[in-house]
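Readers should treat all values here as calculations from the given coordinates under stated rules, not as data from a laboratory. No experiment lies behind these values; they were computed from the predicted model shown. Note: ideal-geometry Cβ built from the backbone for every residue, glycine included; neighbour counts use all protein chains shown.
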Amino acid sequence: MMLSVPAAGVLLLLAWIHPGDGLYFHIGETEKKCFIEEIPDETMVIGKYRTQLWDKQTSSFLPSTPGLGMHVEIKDPDTKIILSRQYGSDGRFTFTSHTPGEHQICLHSNSTKMALFAGGKLRVHLDIQVGEHTNNYPEIAAKDKLTELQLRVRQLLDQVEQIQKEQNYQRYREERFRMTSESTNQRVLWWSIAQTLILIVTGIWQMKHLKSFFEAKKLV
Amino acid sequence: MHCELSMITASAQLCLLVCLTLTAGLTLGLGSNQDVEFTFLLPAGSAECFYQTTARNDSMEVEYQVIAGSSLAVGFVLISPSGYQLVSDHRSSEGIHTVEPTEDGDYRLCFDNSFSKLSEKMVFFEVIINSQSGTGGGQEEWADIAMTESMVEYKLDDIRASIDSVHRHLEKSRQVQAVLRAFEARDRYLLEDNLWRVSFWSCLNLFVMLTVAVTQVYMLRRFFDTKRVRT
């Protein structure tokens, strides 16, 4: 039973930071890649990433050295920085939104050793989970001592709650859009009328001025 | 003999550890219904590529939409692991493509904004993988970690209350959707009115401008003609 504790530890670590064989992209040395998440307020977001470095000898991507990390910067809808931290070559970052809107998640590598990137690029596997996808159901089952049926119902309740939150946020967004549309409508109308009036007035003034000019110069 | 016993137990534990790690790794890696979505900024004059790993005989659906940017259009290419170009959209604002069955390897999705010199685009894309192989994903594991259903210790009333709660929330969702649909229709009509108004007033504007120009030229010529008549 001595090894069961490290076994559990390894499992937990694996579940914690392993983003799976999902989407990946390549990032250059000084390149910054930004992703936008538009979320309602009080929503938790968990991002996991895994990096791999191109190895010239084996001509393949290998797990990168521990020294190579990524700098993660997260901005809220008011462009205020809510998280700015350095993580290792495999990392996990999490934040909870306090205002609804577009949050920006930016990643760039913190490598100072140019030699490491000499071969080309760094491969980053990224996985971002939002809302009820961040819930750790095995943990909830263990904490509340739930059976499988209860756990599934709990998942359904969380999903529906998230749908309702998103819809409330959508209603708030729609209201803002409606205000912008109505203000544009007003502006277009008044500017058009003003423009027409200005044109007519300018035309009349031009004629009067020219007439008096010609009369002064004794041409007419 | 005591040493032998502990050694056997240790090797059995090691085997168990390896098995558990492999299972956890595999189940975490394999997702039955994987859904990846990202919204990112594509700078002007550049291209960004994303790679998605798939297994054989899966189905992959890619959907993208340009959210912001002056012309709301990007170029999109989808390249299979064997290098064959499956999809090539030149300057489109949205698209939805399905690849079935998929090959084993990495599919490449590229978004191209090189035709635009000034405006950066905000692109939303979603990749949905429906895996034929693989188990039910995370939910199959719950049989092991959840408590065993002993008898029917929770009453049907509990289940009924939970289902009622879900039902009420879904009803509320449907109502909100109806309201939002009405608002969207109203906004659409308002914008269509705006279009009519902009067109009308622009035409009127143009007409007034031309009239004023012609009147000016005519009146100037009349001044000179009057002068000649007088003398």
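By the Cα gyration tensor, chain A has an equivalent ellipsoid whose semi-axes, rounded to whole angstrom, run 58, 30, 12 from largest to smallest.
Tell me the net charge near B:Asn57. Cut-off is 10 Å between Cβ atoms, B:Asn57 excluded, with +1 for each Lys or Arg and -1 for each Asp or Glu.
Around B:Asn57, the charge tally is -3.
Our estimate of slack between B:Ala143 and B:Ala44, defined as 0.36 nm per intervening residue step minus the Cα-Cα distance, is 30.6 nm. So, R0 is 30 Å and r is the distance between the beta-carbons of A:Asn136 and A:Thr30; what FRET efficiency does that work out to, to 0.05? That gives a FRET efficiency of 0.25. Of the residues B:Ser88, B:Ala73, B:Gln132, the one whose Cα sits farthest towards the positive end of the charge dipole of region B:31-132 is B:Ala73 (charges of +1 on Lys and Arg Cβ, -1 on Asp and Glu Cβ, taken about the Cα centre). Here each label is just a point 7 Å from Cα along the line to Cβ, and for A:Leu149 and A:Ser84 those points are 5.3 nm apart.
Between amide H atoms placed 1.01 Å from N, distances below 5 Å from B:Gly69 occur with B:Met122, all of them 5 or more places distant or on a separate chain. I want the local charge near A:Thr79. Using Cβ-Cβ distances under 13 Å, sum +1 for each Lys or Arg and -1 for each Asp or Glu among the other residues. Summing Lys and Arg as +1 and Asp and Glu as -1 gives -2.
Other residues with beta-carbon under 14 Å from the beta-carbon of A:Tyr172 carry, at +1 per Lys or Arg and -1 per Asp or Glu, a net charge of -2. Cross-link partners of A:Lys32 among lysines, defined as those whose alpha carbon lies under 27 angstrom from its own and excluding same-chain residues fewer than eight positions apart: A:Lys48, A:Lys56, A:Lys75, A:Lys80, A:Lys113, A:Lys121, B:Lys117, B:Lys121. Using the Cβ-Cβ distance between B:Phe200 and A:Arg173 with R0 = 22 Å, the FRET efficiency computed as 1/(1 + (r/R0)^6) comes to roughly 0.10.
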